[in-house]
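In what follows, a structure is listed as C-alpha cells, so that the remarks can point back to it.
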Amino acid sequence: MSRLEGRNVLVTGAGRGFGRALAPGLAREGANVAVHYATSRDGALEAVAEIRDLGRDAFEVQADLRSWDDIRRLAEEVFERFGRVDVLVNNVGDVAPEQMSWRDVSEELIDRVLAVDVKGTLLVTHEVGSRMLEQESGGTIVNVCSNVVVTGSPRAPQYAASKYGVLGLTKSYARAYAPHVRVNALGPGFMETESTIIREDWRSGRREAVLAETPLGRIPKPEELVGVVVFLASDDSAHMTGNFVLCDGGFSMVGA
C-alpha cells in the first residue's frame with residue numbers, strides 16, 4: 001500500500017517550483033491533494049490535472065498567504081471540500097531571487113520575505129493545525145525550511161532570518177500540538193527549479209561554486225526531494241516531531 005493512501009493533503013505554493021513537484025509526487029503515494037497557489041494559476045491547474053490522471057482527487061485554491069483573512073478562507077475551503085486534512089505541507093517561501101547581494105537589501109524586500117515565509121507559515125500552521133486537533137486522527141505538518149539555517153545567506157540575510165523563524169515555528173507548534181499533530185521541517189539546499197536556474201548569480205558561477213562544495217556532486221531536481229517529504233508526512237516518521245531534516249547533498253554536514 002502507498003504510504004499516503006487515502007489521506008488528504010494541502011500543499012501551499014504548488015503552482016511552481018518544489019510545490020509543483022510535490023503535489024503529484026504525494027498523489028503517487030495515494031494522497032488526494034489541495035493545490036494552493038497565489039499567482040501561478042496555470043501551474044496549479046496543470047498539477048490538478050496530473051493528480052486527477054493518477055486517479056486521485058484534487059482541486060486548486062487561491063490565497064494570498066500574507067493575509068490572515070485569505071488564510072482562514074483557504075482553511076475553510078479545503079476542510080469543507082475534503083472533510084478533513086491529514087497532511088499540511090507549508091512549501092511557500094520567498095527567497096528574494098532578484099537580490100544579488102546583502103548590499104541590495106531594502107525595507108520592501110525585508111517586509112516581503114518575512115511576511116510570506118514567517119507570517120504566512122505561522123498563520124497557515126495555526127489555522128490548519130488547530131482544525132487538525134479536532135480530528136480523531138490528528139495530522140502531520142511538514143514545513144519546507146532551508147539549509148541557510150546552518151550556512152546563513154550573505155546574499156539575502158532576511159531570507160536566512162525568515163527560515164530561522166520557520167524552524168522556531170516548527171519547534172513551537174510541535175510542542176503546542178503534541179501528541180495529536182506532528183510538526184517537522186525539511187532543510188533542502190539548492191534545487192534546480194525554474195526560479196533558480198534563471199538567476200543571474202546561478203548563471204555566472206554560483207552553480208559551479210555550490211557543486212564544488214557538495215560532496216554528492218550534483219544539484220537535485222525538485223522531484224528528487226519529494227521522498228523526504230513523503231517520509232515526514234507518513235507513518236514512517238511516526239516518532240518524530242520538532243525535527244529538522246537536512247537534505248543538501250552534504251553541503252552543510254552538521255552533526256552532534
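Just a few scattered comments:
- Qualifying positions in the range 215-245 - under 24 Å from E194 (Cβ atoms) and part of a loop (DSSP other than H, G, I, E, B): L216, G217, R218, I219, P220, K221
- Of the residues making up the range 1-53, just one is under 25 Å from R73 (Cβ atoms), in a loop (DSSP other than H, G, I, E, B), of a type in the set (K, R) and at pLDDT 95 or above, namely R7.
- Every condition in (1) in a helix (DSSP H, G or I); (2) charged (D, E, K, R); (3) crowded, with 18+ Cβ neighbours inside 10 Å; (4) in contact with a strand residue (DSSP E or B) (Cβ under 6 Å, 6 or more places away or on another chain) is met by R56 except one, and the failing one is (1).
- Total residues in the range 177-206, condition aliphatic (A, V, I, L, M) and surrounded by 16 or more Cβ atoms within 10 Å (Cβ to Cβ): 5
- Test: A212 is modelled with pLDDT under 95 and crowded, with 21+ Cβ neighbours inside 10 Å: no
- When restricted to residues that are farther than 21 Å from L232 by Cα and crowded, with 18+ Cβ neighbours inside 10 Å, the range 137-167 contains 8.
- For the range 94-136, a residue qualifies if it is buried (at least 18 other Cβ atoms within 10 Å of the Cβ), in a loop (DSSP other than H, G, I, E, B) and in contact with an Asp or Glu (Cβ under 8 Å, 6 or more places away or on another chain), and exactly one does: D94.
- Which numbered condition V61 misses (of (1) touching a helix residue (DSSP H, G or I) at 6+ places or on another chain (Cβ under 8 Å); (2) assigned to a helix (DSSP H, G or I); (3) free of Cβ contacts under 8 Å to residues at least 60 places away in the same chain; (4) over 17 Å from L122 (Cβ atoms)): (2)
Listed here are the residues, each with its yes/no results for (1) within 22 Å of the chain's Cα centre (by Cα); (2) touching a residue at least 24 places away in the same chain (Cβ under 8 Å).
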{"residue": "T193", "(1), (2)": "yes, yes"}
{"residue": "D201", "(1), (2)": "no, yes"}
{"residue": "R206", "(1), (2)": "no, no"}
{"residue": "A212", "(1), (2)": "no, no"}
{"residue": "P220", "(1), (2)": "yes, yes"}
{"residue": "V230", "(1), (2)": "yes, yes"}
{"residue": "S237", "(1), (2)": "yes, yes"}
{"residue": "F251", "(1), (2)": "yes, yes"}
{"residue": "V254", "(1), (2)": "yes, yes"}
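- Matching residues, the range 77-101, being at pLDDT 90 or above and within 30 Å of Q158 (Cα to Cα): V87, L88, V89, N90, N91, V92
- Scanning the range 93-125 for residues that are out of contact with any helix residue (DSSP H, G or I) (no Cβ under 6 Å at 6 or more places or on another chain) and among the β-branched types (V, I, T) gives V105, V116.
- Condition check for K171: within 25 Å of L26 (Cα to Cα), charged (D, E, K, R), within 15 Å of the chain's Cα centre (by Cα) and assigned to a helix (DSSP H, G or I): no
The values are calculated or read from the model by the stated rules, or taken from the named source; none is laboratory data. The shown structure was predicted, so the numbers you read here are calculated from the model rather than taken from an experiment. Positions of Cβ are backbone-derived with ideal geometry, glycine not excepted, and every protein chain shown enters the neighbour counts.
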